[in-house]
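Presented below is the structure to which this report refers.
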Amino acid sequence: MQIQSASVLSHTLETLRGEEADRSNDAQALLGIALAAMTDGIVIFDRDERIAAINPRVAALFRIACDRVRPGMDLSTYLGIVGEAVGWPAARTAAVIENHRLWWSSESTYGVDHHFDDGMILQIAFTPLYDGRAVITYRDISVERRLADAVAAQTAQADRFRQTIATVVAQTDAAAAEGQAMGRAGESELELIVRDLGEVVIAAQQSTAAMQDAAHTSALMAGMIDTVVDQIRHTSTAASGAMAHADETVHLTQGLSDHAASIGSILDVIRGIAKQTGLLALNAAIEAARSGEAGRGFAVVATEVKALATQTSAAVARIGPQIAAMQAATGDVVAANRAIARDIADIQQRAVVVTDTARDQHDRILAISAAIDETALTARAMTEGVEQLASRNRRFNTTAMQIRRNLESVHLLTHDLSVATESFQATY
């Protein structure tokens with residue numbers, strides 16, 4: 001529209017310029033009326049870059065006083081006032097002036113949209129004319145652009161709504177399909193759980209029977225242990241008797257030791273007597289050698305020898321009873337040893353009984369061990385069954401949780417669909 005307005009204006013100018021000179025005043029009046037009636041801002045520059053004509057719409061668009069921009073003003077001054085009105089810095093104003101001169105020299109129409117801080121959008125078109133003049137048009141396209149943006153936003157929102165609906169429907173279908181699959185999986189898991197529970201019950205029954213057998217075997221073992229305890233008690237009594245006899249033997253042996261010590265002291269006496277007898281005999285020999293035939297000394301020696309012999313006889317008489325006592329003690333020792341032998345034989349006999357009982361007990365223990373092993377195997381089977389049941393329960397719980405999350409997702413998707421529908425309805 002701006003380019004067409006510029007073309008119409010250019011054609012109008014050519015027409016007016018072709019009129020006769022006497023009609024120039026009427027042409028200028030018509031031009032002023034046309035410029036004032038246009039809704040677009042229009043500025044016409046002559047060959048010297050000065051404003052030849054300008055309508056009031058330009059000042060209104062840039063919010064400047066009408067008397068500030070007027071015919072005869074050069075391009076730089078005009079753009080400087082416009083830049084000051086819209087808040088351009090000096091550098092940008094200089095760049096805008098340079099751009100207009102470049103457009104002027106290119107002899108081509110240039111268009112640009114300028115966005116103001118208050119939201120207004122101006123569509124600016126610069127059109128150089130063939131005779132060196134130029135026309136700048138300004139059109140406020142804010143409403144058109146906002147309408148276009150609103151239509152685009154509504155179209156985009158409608159597209160998003162349709163996409164949201166499609167996505168929600170697809171995800172809802174997928175969630176429903178997954179929920180059905182998980183429901184079937186949950187039913188299968190429940191069937192397996194019921195089957196495993198039956199196996200666990202059977203294993204528990206077998207474990208109970210095995211434990212009953214073990215209890216019966218344990219009762220028999222308790223009776224065997226009582227018999228062993230009784231045998232051990234008798235063995236302990238026999239051992240006590242043997243210990244008493246052993247103590248008596250020790251006592252008797254101590255008596256023999258004491259008697260032997262007495263005999264030793266007597267022998268010491270005998271030895272002393274023998275020594276004295278030897279000394280006396282020696283003295284007698286010496287005296288005999290000195291006396292010659294006298295022989296007095298022999299009488300004395302003989303007397304002493306006789307006395308020593310008497311003492312020896314007495315000592316021997318004392319040894320006799322001691323020896324008899326030793327013999328009697330030895331007999332007692334023999335009797336005590338015989339008693340010990342009998343006690344030991346009794347102990348050996350009872351030990352044989354204890355051994356047989358222990359052997360029977362060993363067999364019973366083996367039976368108990370076998371029963372315990374069977375119980376352990378049954379318990380292991382029960383444990384494995386329980387573990388499998390627990391694992392299936394965990395998987396079932398996981399499936400249930402996944403189903404719940406899927407239902408929550410479906411709920412959220414439905415909520416999003418509801419919100420999108422309300423927004424779409426509010427928009428349209």
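The values are calculated or read from the model by the stated rules, or taken from the named source; none is laboratory data. Predicted model only: the values in this text are computed from it and were never measured. Note that each Cβ is placed from the backbone with ideal geometry, even for glycine, and that neighbours are counted across all protein chains shown. Keep in mind that these areas ignore ligands, DNA and RNA; they rest on the heavy atoms of the full protein, side chains included. Shrake-Rupley method; radii C 1.70, N 1.55, O 1.52, S 1.80 Å.
Pairs are defined by a Cβ separation below 7 Å, a sequence spacing of at least 6 or placement on different chains, a first member in segment 56-76 that is among the aliphatic types (A, V, I, L, M), and a second member that is open to solvent by less than 80 Å² (accessible area, probe 1.4 Å) and assigned to a loop (DSSP other than H, G, I, E, B); the pairs so defined are Val58/Val69; Ala59/Ala65; Ala59/Val69; Leu75/Glu49.
Contact annotation: residue pairs with Cβ atoms under 8 Å, 6 or more positions apart or on different chains, pairing a residue in segment 324-352 that is closer than 18 Å to His251 by Cα with a partner that is modelled with pLDDT of 70 or more and of a type in the set (D, E, K, R), are Ala336/Glu248.
When you check Arg139 against the structure, is it among the basic types (Lys, Arg) and either under 30 Å from Val419 (Cα atoms) or at pLDDT below 85 (or both), yes or no?
Details: among the basic types (Lys, Arg): yes; either under 30 Å from Val419 (Cα atoms) or at pLDDT below 85 (or both): no.
In short, no.
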